Amino acid sequence: MNTHGSSRIQQEDFCADSEIARLCHGRPDIGGIASFIGTARNISRGTGIQWIDFEHYAGMAERELEKVRQQALAQFDIVGALIVHRTGRIHAGEQIVLVVATARHRKAAFAACEYMIDTLKRSVPIWKRERTDAGDVWVSETP
Amino acid sequence: MRLHMRYFAQAADKAGCREETIELPENAPQNLKAVLRDRHPALAPLLDCCRLAVNGEYAQTDDLPEDGAEVALIPPVSGG
C-alpha cells in the first residue's frame, strides 16, 4: 500500500517549499506536483475579519485527516500526498492549510489535491470562529 | 450508565461547558440526542445538524453507546 507523505495539525505556520521538497525527495518518478494553500481572507459575507480561531478535536481530527490522505492515495494514481492544517489563532492574510499531491501525470495530481481539500472540509472535526467587525461568528457552511 | 461528553465550537457555547461526565438511569431515552436535548435545552436548535462521535469515530446512529464511552457532539465542521 502506498503511504508516501504525511498529515498533521499544528499551531505554527508552514513553509510550502520545504514541505514539497521533503515530499519529493528521492522520488524522480514524479512528473507533476499539485498544491493548494488555503489562506485567511480579510472579508467574509461582506464583513471585515480580523482573525480566525481554529478549534479541533485532538486525536480524532488527526485520524480523520489521515483517513482523507489515505483515501486519496487509494483512489488516485498518485505518488505521494501531504496535508498540513493549522489550529489556534490565524490572522487575515496568514496560511491555514496546505494540501499537496505528487504524481507521474498532472491530472491525477490535480484531482487528488481537490479531493483532499474538499473532503477534509466536510469530514475533519475542525471549526473556525471568525472575529468580525460585528462580533464573533462560528462558521458552519462549506463553500 | 456513565458517558464522558465532549462539546465543541458552538455546541460548547450552548452547553455551557466543553466536557462533562453524565450519569444515565436505566430508564433513560435510548436516543442520545434526546438525552442531550433534555439536559441542555439550549442545544436543541443545533442538535439536528450535529453528528455524534463515539470514542473518536463518527457514529452511524444516535443510539446510546456502551457504558464508559467518550461521546463528542460534532457541529458542522468548517476546517480548510
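Heavy atoms only, probe 1.4 angstrom, no DNA, RNA or ligands counted: give me A:CYS24, A:CYS15, B:CYS50 ranked by accessible area, highest first.
A:CYS15, A:CYS24, B:CYS50
Counting Lys +1, Arg +1, Asp -1, Glu -1, what net charge surrounds A:ARG86 among other residues with beta carbon under 9 Å of its beta carbon?
Computed value for this residue: -3.
Tell me, what is the 1.4 Å probe accessible area of A:SER18, in Å² to the nearest 10? Its heavy atoms expose roughly 60 Å² to the probe. Using a 1.4 angstrom probe on protein heavy atoms only, the contact between A and B buries about 1900 square angstrom of accessible area, both sides summed. Exposed loop sites here mean trypsin sites (Lys or Arg not before Pro) with a DSSP loop assignment and at most 15 other beta-carbon atoms within 10 Å; chain A contains its longest site-free run at A:46-103. Residues of segment A:109-129 buried by at least 40 Å² of accessible area upon assembly of all protein chains, compared with the chain on its own (1.4 Å probe): A:LYS121, A:TRP127. For segment A:5-134, the solvent-accessible area works out to 46 Å² per residue, with a probe of 1.4 Å and every protein chain left in place. Taking the three principal axes of the alpha carbon atoms in chain B, the coordinate ranges are 40, 25, 19 Å, sorted in descending order.
The accessible area of A:THR39, taken with all protein chains in place and a 1.4 Å probe, comes to roughly 80 Å².
Set the Förster distance to 35 Å, then compute FRET efficiency between A:ALA21 and B:GLU57 from the Cβ-Cβ distance, nearest 0.05. Calculated value: 0.50. With both residues required to sit in chain B, DSSP beta bridges show an antiparallel share near 75%. In this structure, the amide hydrogen of B:PHE8, modeled 1.01 Å from its nitrogen in the peptide plane, lies closer than 5 angstrom to those of B:LEU73, counting only residues at least 5 positions away or on a different chain. Close amide-amide hydrogen proximity is noted between A:ARG41 and A:GLY93, each under 5 Å apart and 5 or more residues distant or on a separate chain (H modeled in the peptide plane; Pro and chain starts excluded). Estimated purely from DSSP H runs of n ≥ 4, each contributing -39500 (n - 2.57), the mean residue ellipticity at 222 nm for the protein assembly as shown is -8500 deg cm²/dmol once divided by its residues. Within 10 Å of the Cβ of each residue in B:66-79, the mean number of Cβ atoms contributed by other protein chains is 6. DSSP bridge analysis restricted to segment A:5-134 gives an antiparallel fraction near 80%, rounded to the nearest 5. Under the convention that each Lys and Arg Cβ holds +1 and each Asp and Glu Cβ holds -1, the size of the dipole of chain B around its Cα centre is about 320 debye. In this structure A:ILE33 has an accessible area near 90 Å², from a 1.4 Å probe over the protein heavy atoms. The Cβ shell under 11 Å around A:GLN50 holds other residues with a net charge of -2, Lys and Arg each +1, Asp and Glu each -1. Can you bin the protein assembly as shown into rounded, prolate or oblate? Criterion: square roots of the alpha carbon gyration tensor eigenvalues sorted a ≥ b ≥ c, rounded for a/c under 1.5, prolate for a/b above b/c, oblate for the rest. It comes out oblate by the Cα gyration axes.
The apolar share of the surface of chain A, taken as the fraction of accessible area on carbon and sulfur atoms (1.4 Å probe, ligands and nucleic acids excluded), comes to 50 percent.
The values are calculated or read from the model by the stated rules, or taken from the named source; none is laboratory data. Because the structure is a prediction, the values reported are computed rather than measured. Glycine gets a Cβ as well: all are built from the backbone with ideal geometry, and neighbour counts include every protein chain shown. Only protein heavy atoms, including side chains, enter the accessible area calculation; ligands, DNA and RNA are left aside. Shrake-Rupley method; radii C 1.70, N 1.55, O 1.52, S 1.80 Å.
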